[in-house]
Amino acid sequence: MKSQITLTPIASVQNSRVEVEDDNWGDVISILVLDPSLPEDALLGIESFSHAEIIFYFHLVSDSKIETGARHPRNNPDWPKVGILSQRGKNRPNRLGATIVKILKREGRHLHVQGLDAVNGTPIFDIKPVLREFLPNEDVRQPQWATELMKNYWKK
């Protein structure tokens with residue numbers, strides 16, 4: 001089932017985070033700068049939504065760091081070994097990240113957002129408005145280790 005696809009970034013991240021860190025993303029303000037290949041009106045109306053889902057590329061993860069099997073999240077032996085597809089670590093086979101961010105404002109080709117857990121220069125593959133109908137309409141279940149891992153993730 002191996003096939004090749006090509007993705008072209010539609011935007012890039014500008015923010016103050018230059019090093020990959022595990023926690024404290026809640027206060028991070030980022031500007032998503034639309035690529036010149038797209039017209040400015042590709043973002044028209046996005047500011048009428050409170051949140052957007054951002055699909056991005058973990059461009060700083062080297063090939064040698066990619067995980068395809070199971071590991072302890074954050075290499076913490078106190079947490080169970082789980083498959084890379086059962087966690088949200090950056091060392092994923094396709095290096096794709098997805099985060100729901102708060103939309104602050106749009107200025108032309110610039111979308112200002114809060115809470116994007118991506119470093120300066122990160123390529124953006126897609127921006128989608130969050131519609132409540134796409135969110136789960138039932139309780140979300142997760143294991144205790146995931147709750148512990150996320151304790152300081154959005155800390156401000």
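Overview of results
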quantity: Pairwise centroid distance, computed over Cα atoms, of the range 84-140 with the range 26-55, Å; calculated: 11 Å
quantity: Over the chain: helical MRE at 222 nm, DSSP H runs n ≥ 4 each giving -39500 (n - 2.57), nearest 500; calculated: -1000 deg cm²/dmol
quantity: Cα-centred dipole magnitude for the range 83-156, charges only on beta-carbon of K, R (+1) and D, E (-1), debye, nearest 20; calculated: 280 debye
quantity: Residues of the chain: accessible area per residue with a 1.4 Å probe, Å²; calculated: 67 Å²
quantity: D_trans [Stokes-Einstein, Kirkwood Rh over alpha-carbon pairs] for the range 115-156, 4 °C, 1.567 mPa s, µm² s⁻¹; calculated: 95 µm²/s
quantity: For His51, distant residues with modelled amide H under 5 Å away; calculated: Ile103, Val130
quantity: Net length gained if the chain between Lys151 and Leu135 were fully extended (0.36 nm per residue, minus Cα distance); calculated: 3.6 nm
quantity: Debye intensity ratio in log₁₀ form over the Cα atoms of the range 34-111, taken at each q of 0.13, 0.22, 0.27 Å⁻¹; calculated: -0.58, -0.97, -1.23
quantity: Whole-Hz couplings from phi, Karplus 6.51/-1.76/1.60, listed for the range 68-78; x for Gly and Pro; calculated: 10, x, 9, 7, 6, x, 6, 6, 8, x, 6
quantity: Unsatisfied cross-links (Cα-Cα over 20 Å) in the set Lys105/Lys155; Lys105/Lys128; Lys2/Lys90; Lys65/Lys128; Lys102/Lys155; calculated: Lys105/Lys155; Lys2/Lys90; Lys65/Lys128
quantity: Correct option for P(r) over Cα pairs in 10 Å bins from 0, in percent [calculated from the coordinates] among (1) 11, 35, 31, 16, 5, 2, 0; (2) 10, 35, 36, 17, 2; (3) 11, 37, 35, 13, 4, 0; calculated: (2)
quantity: Burial order of peptide ranges 4-13, 115-124, 135-144 (average beta-carbon count within 10 Å, highest first); calculated: 115-124, 4-13, 135-144
quantity: Global geometry of the range 8-67, whether rounded, prolate or oblate, following the gyration tensor of its Cα atoms and the 1.5 cut on a/c; calculated: oblate
quantity: Cut-off 11 Å (backbone N to label point 7 Å along Cα→Cβ of Glu47), residues of the range 77-106; calculated: 104-106
quantity: Three-way shape label, the range 80-121, alpha-carbon gyration tensor, a/c 1.5; calculated: prolate
quantity: Residue with peak Gaussian network fluctuation, the chain [Cα springs, cutoff 10 Å], from Lys105, Lys90, Lys81; calculated: Lys81
quantity: Accessible surface of the chain [probe 1.4 Å, protein heavy atoms]: carbon and sulfur percent; calculated: 50 percent
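The values are calculated or read from the model by the stated rules, or taken from the named source; none is laboratory data. For clarity, every value in this text was computed on a predicted model and none was experimentally measured. Glycine gets a Cβ as well: all are built from the backbone with ideal geometry, and neighbour counts include every protein chain shown. Calculation scope for accessible area: heavy atoms of the full protein, side chains included, ligands and nucleic acids excluded. Shrake-Rupley method; radii C 1.70, N 1.55, O 1.52, S 1.80 Å.
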